[in-house]
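S.K.: Sharing a structure, written as structure tokens. Questions coming.
The values are calculated or read from the model by the stated rules, or taken from the named source; none is laboratory data. These figures come from a predicted structure and were not determined experimentally. Please note: Cβ atoms are built from the backbone with ideal geometry, for glycine as well, and neighbour counts cover all protein chains shown. With ligands, DNA and RNA removed, areas are computed over all heavy atoms of the protein, side chains included. Shrake-Rupley method; radii C 1.70, N 1.55, O 1.52, S 1.80 Å.
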Amino acid sequence: MQGAWLCGEHELSLARPLVMGIVNVTPDSFSDGGTNFDPRAAIASGQSMLADGADLIDVGGESTHPGAGEVTPAEELARVLPVVRDLAALGAVVSIDTRHAEVASACVAAGASVINDVSGFSDPAMVALAASCDAGLVVMHMRGDPRTMQDEPRYGDVVAEVSGYLSAQAGGLEEAGVARERIVVDPGIGFGKTTAHNLELLRRLEEIVAAGYPVLVGASRKRFVGEITGVSEPRDRLAGSIAAALEAVERGASAVRVHDVAETVAALAVARAIGQGTGE
Ligand code: HH2
């Protein structure tokens, strides 16, 4: 996809796929089990992802895996704020992964330039915040609530439903005054979806891309990768996660959200070199 994603003072070129590195400042994330709960560890981890070639760092303080415990917005903010502030001060493009407008607002004030909302800007307070700032926005699809989303999710045509939802939410943001170039959409792999749903969304990603917004895909270390490969430990799902990232980009994704930045950057570089016939 051509053009750029406008994120505050940053303009991220979409000429090649963007890599978003994940920093979970939580004790209970499914994939890293709390290694970045200490803010100093989280900041160091973000810095090393930037050195490995991440284009932006997604900082989250609330685990959203099925069955995750409740966190108050005040606690969530206390976790993420020092990490957002320090990484932004280094000049990094920082994304705040939150469903809470008060958390997003404080993080944007502290230097975050992307708001990543797994509830798809369904809260009017989030829409108002989006309209009042110039941050880039990730609009993600989730079925229901993190606690209940995996209770027998059912769709007619999952791709049509997810794509329709994303276009409606993005359209609502534009109606509220948000520039289209600030918006990226995300099918929400694993959020209220079975393995079959996830595979269908990835296989037919081009139908979501066709709606006209750049698409972000977060498949890294997710359960469907473990189901297919038989790898139960999320940290050991690198090979399957890279396959998912490459297939997403091949089908038109503009960005991938990953835990293993160096490996994903290298895999994308080789895939791109093959496509272009040059390693430059
Ligand atoms: N996935 C997770 C969290 N935030 N945001 C977007 N836009 N897309 C995703 O696919 C997505 C997301 C869940 O993964 P992770 O952050 O590793 O785990 P946890 O929610 O347990 O912290």
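S.K.: Can you tell me which of SER48, SER13 is more than 12 Å from the ligand (Cβ to nearest atom), open to solvent by 10 Å² or more (accessible area, probe 1.4 Å) and under 16 Å from GLY91 (Cβ atoms)? Lay out the reasoning, then the answer.
M.R.: On the way: SER13 fails: under 16 Å from GLY91 (Cβ atoms).
Only one candidate passes the filter, namely SER48.
S.K.: Within region 120-131, track down each residue that is open to solvent by 20 Å² or more (accessible area, probe 1.4 Å) and touching a residue at least 12 places away in the same chain (Cβ under 8 Å).
M.R.: From region 120-131, those open to solvent by 20 Å² or more (accessible area, probe 1.4 Å) are 122-125, 127-129, 131; that's our starting set.
Within region 120-131, SER122, ASP123, ALA125, VAL127, ALA128, LEU129, ALA131 qualify.
S.K.: VAL23 fails exactly one of the following numbered conditions: (1) within 19 Å of VAL138 (Cα to Cα); (2) in contact (Cβ under 8 Å) with a residue 40 or more places away in the chain; (3) within 11 Å of the ligand (Cβ to nearest atom); (4) assigned to a loop (DSSP other than H, G, I, E, B). What is the number of that condition?
M.R.: (4)
S.K.: Cβ-Cβ distance below 9 Å, separation of 6 or more or different chains: which pairs start in region 203-219 with a residue that is in a loop (DSSP other than H, G, I, E, B) and end on one that is surrounded by 19 or more Cβ atoms within 10 Å (Cβ to Cβ) and acidic (Asp, Glu)?
M.R.: Taking only residues 6 or more apart or on different chains, the pairs are GLY218/ASP58; GLY218/ASP186.
S.K.: Return the total of residues in region 164-202 being without any contact (Cβ under 8 Å) to a residue 24 or more places away in the chain, open to solvent by less than 50 Å² (accessible area, probe 1.4 Å) and closer than 15 Å to VAL127 by Cβ. Before you say what the answer is, go through the steps one by one.
M.R.: From region 164-202, those without any contact (Cβ under 8 Å) to a residue 24 or more places away in the chain are 164, 168, 171, 174-175, 196; that's our starting set.
Those left that are additionally open to solvent by less than 50 Å² (accessible area, probe 1.4 Å): 164, 171.
Adding the requirement that they be closer than 15 Å to VAL127 by Cβ leaves 171.
Of the residues in that region, 1 qualify.
S.K.: Follow-up question, since we're still on this one. Only residues that are surrounded by fewer than 17 Cβ atoms within 10 Å (Cβ to Cβ) and not in a loop (DSSP other than H, G, I, E, B): list them for region 69-109, please.
M.R.: Answer for region 69-109, where residues must be surrounded by fewer than 17 Cβ atoms within 10 Å (Cβ to Cβ) and not in a loop (DSSP other than H, G, I, E, B): ALA74, GLU75, ALA78, PRO82, ALA89, GLU102, ALA109.
S.K.: Follow-up. Is it the case that region 145-157 has a residue that's outside any loop (DSSP other than H, G, I, E, B) and in contact (Cβ under 8 Å) with a residue 40 or more places away in the chain?
M.R.: Kept after step one, since they are outside any loop (DSSP other than H, G, I, E, B), are these residues of region 145-157: none.
No - not one qualifying residue is present in region 145-157.
S.K.: Considering only region 244-253, I want to know if a residue exists there that is buried (at least 21 other Cβ atoms within 10 Å of the Cβ) and part of a loop (DSSP other than H, G, I, E, B).
M.R.: So the first thing to find is which residues in region 244-253 are buried (at least 21 other Cβ atoms within 10 Å of the Cβ), and the list is 244-245, 248-249, 253.
Next, only the ones that are part of a loop (DSSP other than H, G, I, E, B) stay: 253.
The answer is yes, given that some residue of region 244-253 is buried (at least 21 other Cβ atoms within 10 Å of the Cβ) and part of a loop (DSSP other than H, G, I, E, B).
S.K.: On the basis of being open to solvent by 20 Å² or more (accessible area, probe 1.4 Å), touching a strand residue (DSSP E or B) at 6+ places or on another chain (Cβ under 7 Å) and either under 24 Å from THR148 (Cα atoms) or within 16 Å of the ligand (Cβ to nearest atom) (or both), does ASP38 make the cut? So that I can check it myself, show each step before the final result.
M.R.: Values: open to solvent by 20 Å² or more (accessible area, probe 1.4 Å): yes; touching a strand residue (DSSP E or B) at 6+ places or on another chain (Cβ under 7 Å): no; either under 24 Å from THR148 (Cα atoms) or within 16 Å of the ligand (Cβ to nearest atom) (or both): yes.
Spelling it out, it is not the case that ASP38 is open to solvent by 20 Å² or more (accessible area, probe 1.4 Å), touching a strand residue (DSSP E or B) at 6+ places or on another chain (Cβ under 7 Å) and either under 24 Å from THR148 (Cα atoms) or within 16 Å of the ligand (Cβ to nearest atom) (or both).
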